[in-house]
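The values are calculated or read from the model by the stated rules, or taken from the named source; none is laboratory data. Given the structure is predicted, the values throughout are model-derived calculations rather than measurements. Every residue, glycine among them, receives a Cβ derived from its backbone with ideal geometry; neighbour counts consider all protein chains shown. Quick note on the areas: whole protein, heavy atoms, side chains included, nothing else; ligands and nucleic acids left out. Shrake-Rupley method; radii C 1.70, N 1.55, O 1.52, S 1.80 Å.
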2 protein chains.
Amino acid sequence: MRALTALSERSVPTVSSEELAAAAGVNSAKLRKDFSYLGSYGTRGVGYDVEYLVYQISRELGLTQDWPVVIVGIGNLGAALANYGGFSARGFRVAALIDADPAMAGKPVAGMSVQHTDDLEKIIEENGVSIGVIATPAGAAQQVSERLIAAGVTSILNFAPTVLSVPEGVDVRKVDLSIELQILAFHEQRKAGEEAAAAAAGGSSVGGAAPAAAVVPPAGRSAAETRKGGPEGDVPAVMPA
Amino acid sequence: MRALTALSERSVPTVSSEELAAAAGVNSAKLRKDFSYLGSYGTRGVGYDVEYLVYQISRELGLTQDWPVVIVGIGNLGAALANYGGFSARGFRVAALIDADPAMAGKPVAGMSVQHTDDLEKIIEENGVSIGVIATPAGAAQQVSERLIAAGVTSILNFAPTVLSVPEGVDVRKVDLSIELQILAFHEQRKAGEEAAAAAAGGSSVGGAAPAAAVVPPAGRSAAETRKGGPEGDVPAVMPA
DNA sequence: AGGTGTGAAGGTGTTCACAGCC
DNA sequence: GGCTGTGAACACCTTCACACCT
């Protein structure tokens, strides 16, 4: 979608699956197959009409609708989200900012006036909100989610570091910022391990030029097979000590 | 890992793959197979020693190390990240907060003093930082990333709404907050579509009780097969108008 | 000639089911 | 008897390759 939008902005009229795939960094066959699930929107010998394709995909993804959302918990994170430009650009409209702190009520954040939690139900109903964003502290999250759901919200984006328990039919997506860092740290560790291994081995490996994006299981497979000793001071399968 | 930590806090000594799988919401066979890649850390007839398993997985994931990180761009989002408790809890230490605005320099955020971009290289080198977090506006992100990388950073968590281009060997993870909302909106749209379809069909479907977590391609497959008409006012494959 | 749409081949990831150990 | 560790079966996803359309 990003690649398509870029083409659209450059007023490119049509793309072949090959060109678009290259721009998006994927395989052209995959792209064609994916598009085929939406329908036959291409023209053989020509390619896909960019504008038409943008429209079809947008609609399929629900981006042609305008989704009102509320943000509950206007601390640093809530304020950051309220100011985040990406939302309005993608069809989301921040209908209200809600905080439990009476001192926050009435304060202007991102050009809106913060409202108090007391009015949560009213706000949701009046604006027909079905998506709520929780940016409260962990302790408040579960309770907030219950009130949101009771008022009619059926999708929740949860930034609080808690697992919410919600009734069936309600979607929750949890954003855990530290998990992203953990993933980076994991790869960082592997980089260090590979360097060390390479240095120790002294270059006896075959094509050891640039093992950039290694994947986990296969790498340690054979090592794991042999080392079945047990729980005493042994070495991790995927990374040499 | 979350499920394990919870057990550890409740001082549960051992778990079977079955119990842990239920707690984590996954299949027990998958869990055993995944663990087997790390080694044979379980005891047949008994299960896994919780503490030992926590340690092994932590080490494998690189969580036993202390990772210094810098946050560049101390606006709302940067401040929110600096205050985010989850980082220190998972072995990350915020080594410095950096902002380009001279007015920010010296200001206290999350108990630290914000430093100016001029000192970026010095800070990175002195603290041995290999992971950087970019929370600047889109326009500054690419340049910041280049300075970070030149100074020795090899992993970047990018919150700015831009695609960074970086040399090989550098990992970038992009967090796009609006994508999460888009995913919720997509499911939300499908919920609405299903309701409408159910209402229209009047209950003639077979087991139409609760099609909670539907997946995309299969659903619209047969419909897509028949509708090959072409680009005039037709209906999306996966969602009835 | 150029490029889509798609059956078929090829991979990868998941689950089953059971031998083997405690 | 209970539970792990793992080959084998299975399901799903990706890629190939080519018939068919413009």
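Yes/no per residue for (1) within 12 Å of chain A (Cβ to nearest Cβ); (2) in contact with a Pro (Cβ under 7 Å, 6 or more places away or on another chain):
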residue	(1), (2)
B:VAL54	no, no
B:TYR84	yes, no
B:GLY91	yes, no
B:ALA95	no, yes
B:PRO108	no, no
B:SER113	no, no
B:VAL129	yes, yes
B:GLN143	no, no
B:LEU157	yes, no
remark   = Those residues of region B:57-90 that are farther than 14 Å from B:ALA110 by Cα and of a type in the set (S, T, N, Q) come to a total of 3
query = In region A:116-137, what residues are within 12 Å of A:ILE98 (Cα to Cα) and open to solvent by less than 70 Å² (accessible area, probe 1.4 Å)?
reply = A:HIS116, A:THR117, A:ASP119, A:LEU120, A:GLU121, A:ILE123, A:ILE124, A:GLY132, A:VAL133, A:ILE134, A:ALA135, A:THR136
Looking only at region B:11-60, and only at residues there that are within 10 Å of DNA strand C (Cβ to nearest atom) and of a type in the set (Lys, Arg), the one that is surrounded by the most Cβ atoms within 10 Å (Cβ to Cβ) = B:ARG32
ask   = near DNA strand D (Cβ under 10 Å from one of its atoms), small (Gly, Ala, Ser) and without any contact (Cβ under 8 Å) to a residue 40 or more places away in the chain, is that true of A:GLY47?
value = no
query = Tell me, which residue of region A:58-102 that is within 20 Å of the chain's Cα centre (by Cα) and assigned to a loop (DSSP other than H, G, I, E, B) is farthest from A:ASP34 (Cα to Cα)?
reply = A:TYR84
message = Just to check your reading of the model, which residue among B:LEU77, B:LEU53, B:LEU81 is in the same structural domain as B:SER11 (by TED's automatic domain parsing) and not acidic (Asp, Glu)?
response = B:LEU53
ask   = Which one of these is modelled with pLDDT under 80, in a helix (DSSP H, G or I) and facing another protein chain (nearest Cβ under 9 Å): A:ALA197, A:ALA210, A:ALA185, A:ALA192?
value = A:ALA192
inquiry  = Here is a check on your reading of the model: is A:SER8 assigned to a helix (DSSP H, G or I), under 24 Å from B:GLU180 (Cβ atoms), more than 12 Å from DNA strand C (Cβ to nearest atom) and away from every other protein chain (no Cβ under 12 Å)?
reply    = yes
query = When both residues are 6+ apart or on different chains and their Cβ atoms are under 8 Å apart, which pairs have a first residue that lies in region B:93-122 and is at positive phi, and a second that is of a type in the set (S, T, N, Q) and surrounded by fewer than 13 Cβ atoms within 10 Å (Cβ to Cβ)?
reply = B:GLY106/B:SER113
